[in-house]
Amino acid sequence: MLIDFLLREEYRDIYKHNPFINKLFILKRESKIIPEELSSTKYDLIIDLQNNFKSAGIKKKIKSEEVRVFNKRTIDKLLLVNFKINKLKEAEQIPVRNANSLENFQLDDEGLDLFTGETKPSINRKEKKYIGFAPGSRHFTKMWPKDYYLSLGKKLNDEGYTIVLFGGKNDKDLCKEMSKEIPGSFDLSNDNDLLSTAVNMKECMAVVCNDSGLMHAACAMKVPVLAFFGSTVREFGFTPFRNKNLILENNTLTCRPCSHIGRAHCPKKHFKCMLEVTPGLAFNKLIELINS
């Protein structure tokens, strides 16, 4: 079986070293033009994991015997966000739901994969007890507060751990500011070099992060993850997949979730979903996670 994969340019690193992919086709971010080789090939099967207007247009340009489409359960997500009607209580995680797009397709128990090629880390786990922080996110309501990360970082530093800050292009200012305030920390944020981030995460004892893409990168590298969930909830399916993890969230609030992707501000103006998850709690749970 040969598998070709089409994805947006900014996600190329996720698959470029994957040995199970025959050909990797790249789509420019705003472009609707697909590679000519892709449109001229007749496929036995197309699997649409995006299930949106753009992917629908792309499918029309590719010849195929059969098409399968991922069920996004959009209505159920809207019901949960807007009316707190939860039809996703028994929903499986997204990788499982993706696999269910095919009949009789079973996932292994190894979790996510991220193949890093010849990329080498710039830190070495034998030298220090590294704890990774990935404090960024595209949305404010998915970010544990900067001051909380700083408090946790200083506490860990006092206990002999060294903090390593991870982030992409949009997180560089945040990571730089935090690195200045956490003694002995390393700022390894970069211009969206996912593979460099991933191999350095592998050198950490654990990664502390938000509900973000770097959470999944850490899971793919089989690093224990302590994750904060604020405006989003587990039922959406984007929890750490088949990897050692602990999720910290405020389950006392009736306003969660207020979004299925995140928001620019707290609609209730109290942000209790994150503010009531304290650095002291995070420290204790992180030590438990590391020692478990």
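The values are calculated or read from the model by the stated rules, or taken from the named source; none is laboratory data. Just so you know, these numbers come straight off a predicted model, no measurement behind them. No Cβ is skipped: glycine too gets one built from the backbone with ideal geometry, and neighbour counts run over all protein chains shown.
Here are the numbers for this structure:
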read-out: Lone qualifier among LEU107, LEU112 - being touching a Pro at 6+ places or on another chain (Cβ under 9 Å), of a type outside the set (Val, Ile, Thr), surrounded by fewer than 17 Cβ atoms within 10 Å (Cβ to Cβ) and outside any helix (DSSP H, G or I); value: LEU107
read-out: All positions within region 52-63 that are more than 10 Å from SER39 (Cα to Cα) and not aromatic (Phe, Trp, Tyr); value: ASN52, LYS54, SER55, ALA56, GLY57
read-out: Residue that is touching a Lys or Arg at 6+ places or on another chain (Cβ under 9 Å), more than 17 Å from LEU102 (Cα to Cα) and either polar (S, T, N, Q) or in a helix (DSSP H, G or I) (or both), where the choices are ILE14, ILE58, ILE26, ILE34; value: ILE58
read-out: Only one of ILE123, ILE94 that is in contact with a strand residue (DSSP E or B) (Cβ under 8 Å, 6 or more places away or on another chain) and among the β-branched types (Val, Ile, Thr); value: ILE123
read-out: Residue list for region 238-280, filter: in contact (Cβ under 8 Å) with a residue 24 or more places away in the chain, hydrophobic (A, V, I, L, M, F, W, C) and not in a loop (DSSP other than H, G, I, E, B); value: LEU246, LEU248, CYS273, MET274, LEU275
read-out: Lone unmet requirement of (1) under 30 Å from MET201 (Cα atoms); (2) modelled with pLDDT of 95 or more for LYS28; value: (2)
read-out: Check on ARG138, surrounded by 13 or more Cβ atoms within 10 Å (Cβ to Cβ), assigned to a loop (DSSP other than H, G, I, E, B) and touching a residue at least 40 places away in the same chain (Cβ under 8 Å); value: yes
read-out: Candidate set: region 203-217, residues that are crowded, with 19+ Cβ neighbours inside 10 Å and over 14 Å from the mean Cα position of the chain (by Cα); chosen: the one nearest to LEU286 (Cα to Cα); value: ALA206
